[in-house]
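Note sheet for the following structure.
The values are calculated or read from the model by the stated rules, or taken from the named source; none is laboratory data. The structure displayed is predicted, hence computed values, not measured ones. We place every Cβ from the backbone using ideal geometry, glycine too, and count neighbours over all the protein chains shown.
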């Protein structure tokens, strides 16, 4: 925890006071303007830092699981911001959910119980891949009608949270 806090501090200091460009790994000419990874040291992923800061700002207990969100998203090939955004919309970032379920995503109406946060993050990420991505539903607006059919604005709301992250 101390190492993570120190790394976050170093990242913020470098971002605020650096006059040189950061080195990006995985950037290819013509690719998205947002790099896949910013290398600070061998163990820190800029996405984790960004997600941690965002979830802390939202006063979410999920902040400490930022690495789990990134690892599961990478393992299953989904957008690393999707599941945290779903948690934001469905449970106000794990503040309003069925107690003891570790289900901040409204999965199964919010009543499916997981053993812990890491388990829920892994399971739902895997199912997002299998149910949605593998069937061509990749954007929040494509996922919305299946994930939350009663709410026609769900996809746009998720996209808005993703953009905030």
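Being part of a helix (DSSP H, G or I), under 12 Å from the mean Cα position of the chain (by Cα) and surrounded by fewer than 22 Cβ atoms within 10 Å (Cβ to Cβ) is the filter here; which residues of region 71-84 pass it?
Narrowing region 71-84 to residues part of a helix (DSSP H, G or I): 71-76, 82-84.
Still in the running and under 12 Å from the mean Cα position of the chain (by Cα): 71-74, 82-84.
Within region 71-84, 71, 74 qualify.
Table: residues versus (1) buried (at least 21 other Cβ atoms within 10 Å of the Cβ); (2) over 13 Å from the mean Cα position of the chain (by Cα); (3) assigned to a helix (DSSP H, G or I).
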| residue | (1), (2), (3) |
| --- | --- |
| 69 | yes, no, yes |
| 105 | yes, no, no |
| 115 | no, yes, no |
| 127 | no, yes, yes |
| 137 | no, yes, no |
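Touching a helix residue (DSSP H, G or I) at 6+ places or on another chain (Cβ under 9 Å), more than 13 Å from residue 85 (Cα to Cα) and in contact (Cβ under 8 Å) with a residue 12 or more places away in the chain - does that describe any residue in region 148-159? Looking through region 148-159, at least one residue is touching a helix residue (DSSP H, G or I) at 6+ places or on another chain (Cβ under 9 Å), more than 13 Å from residue 85 (Cα to Cα) and in contact (Cβ under 8 Å) with a residue 12 or more places away in the chain.
Being within 20 Å of residue 144 (Cα to Cα) and either in contact with a strand residue (DSSP E or B) (Cβ under 8 Å, 6 or more places away or on another chain) or at pLDDT 95 or above (or both) is a description that does not apply to residue 64.
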